[in-house]
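The values are calculated or read from the model by the stated rules, or taken from the named source; none is laboratory data. Given the structure is predicted, the values throughout are model-derived calculations rather than measurements. Neighbour counts run over all protein chains shown; Cβ positions are idealised from the backbone, glycine included. Each accessible area value is taken on the protein alone, full model and side chains, heavy atoms only, with ligands, DNA and RNA left out. Shrake-Rupley method; radii C 1.70, N 1.55, O 1.52, S 1.80 Å.
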Amino acid sequence: MIIDCHGHYTTAPKQHEQWRQQQIEAHAKGSRAPERPQITDDEIRDSIRNGQLRVQRERGTDLTIFSPRAAGMGHRLGDAGTSDAWAVACNDLIHRVCGLFPDNFIGVCMLPQSAGTSPKNSIGELERCVREYGFVGCNLNPDPSGGYWTDPPLSDPYWYPIYEKMVELDVPAMIHVSHACNPAFHTTGSHYLNGDTTAFMQFLTSDVFKRFPRLKIIIPHGGGAVPYHWGRFRGLAQALGLPLLKDHLLNNIYFDTCVYHLPGQELLAKVIPADNILFASEMIGAVPGVDPETGHNFDDTKRYIDQLPISAEDKSKIFEGNAKRVFGGLASRLETTLGEAAKVSRQ
């Protein structure tokens, strides 16, 4: 099985985003937001069959771990109340996708974060999505301000309540910022990668994983600048009197393969142990175009993994085994799904 650990619902029906715009406009006016729009199952089916499901089949992947559109989380917009309502709406929609296509998608939730609002505010929605919807993880935004970094670093006790709940529920968090409102940063070209690199450094200079030894963090987009500057981070850890990075961080931090050319994937696989790499594409996401040098989509990352000079065992870890290990509820969910499919085939 080939499991893509990083997919977003970028093709959601248009009335979903329209409602978000109305919600934010209502908040600015101090008025009540309208009711959420009616979205039919057929509209959801069309959006997936003509989008992510089609691409899955074309590229030979099996399951996408699916979450709301990252740039659309918009934690900088409105306040804690609007973020909560928006997170619920987005997560409900992901749940419906997974219910309609249980063999192809499994959910990860966005959290109702808001700049200056304690992460405790997100615990209820995380618990709801895991316990009621069977979601297997969450996206955690280290910068709800959208590029101004006004909240404490991830090393601060400010974040401990959400870490405690993640450990209790045995779910990982993917570090993922949202749309940048600071004009100094391009959302996908710099802000995403800044968020990845900054999060790694915040964990490096902390004792978070001593306090939470079972906490699991996925840093997407190949880790931002981390693999390319692994020597820098090793040297900084040494200068700070910290343990070797393999002991200090790699029992808890994982990297995905949203790196959009073969040399980048080769570097990632050379620097980071195979046990710490999860296959991902973020397909129909940040970089959806065709690479003129190869004739294939930039985000068709399976092609890069297939070409890596690593063992079949390591490729199996990257494509499947690591995801089952990192996402605590995934293996049991897959066993249930496969068992139900077998029952249907025998009938």
* Asked: Between Ser67 and residues 5 or more places away or on another chain, which pairs have amide H atoms under 5 Å apart, with H built 1.01 Å from N, and which residues are they?
  -> Gly7, His8, Tyr9, Val108
* Asked: Just in segment 1-72: which GluC sites (Glu not before Pro) are loop by DSSP and have at most 11 other Cβ atoms within 10 Å?
  -> Glu35
* Carbon + sulfur, % of accessible area of segment 132-237 - ligands and nucleic acids excluded, 1.4 Å -> 53 percent
* Which labelled figure in (i) 28, 26, 20; (ii) 56, 24, 19; (iii) 29, 22, 21 is semi-axes √(5λ) of the Cα gyration tensor in Å, once derived from the coordinates -> (i)
* **Cα-based reach from Lys14 at 19 Å (exclusive), listing aspartates and glutamates while leaving out same-chain residues under 8 positions away** => Glu25, Glu35, Asp41, Asp42, Glu43, Asp46, Asp92
* Structure fact -> Measure of exposure for Arg45: accessible area at 1.4 Å probe, Å² rounded to 10, is 60 Å²
* Structure fact -> By the rule of another cysteine's Cβ lying under 4.7 Å, the cysteines of the chain that fail to get a partner are Cys5, Cys90, Cys98, Cys138, Cys181, Cys258
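At 1.4 Å probe size, put Lys317, Lys270, Lys246 in order of accessible surface, largest to smallest. Can you show the working numbers first?
Numbers: Lys317 55, Lys270 175, Lys246 120 Å².
Of Lys317, Lys270, Lys246, the descending order of accessible area is Lys270, Lys246, Lys317.
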* Across segment 234-250, in residue order, what do the Karplus-derived ³J(HN,Hα) couplings come to in whole Hz, using 6.51 cos²θ - 1.76 cosθ + 1.60 with θ = phi - 60° and x for Gly and Pro? -> 4, x, 5, 4, 4, 5, 8, x, 8, x, 4, 4, 4, 8, 6, 10, 7
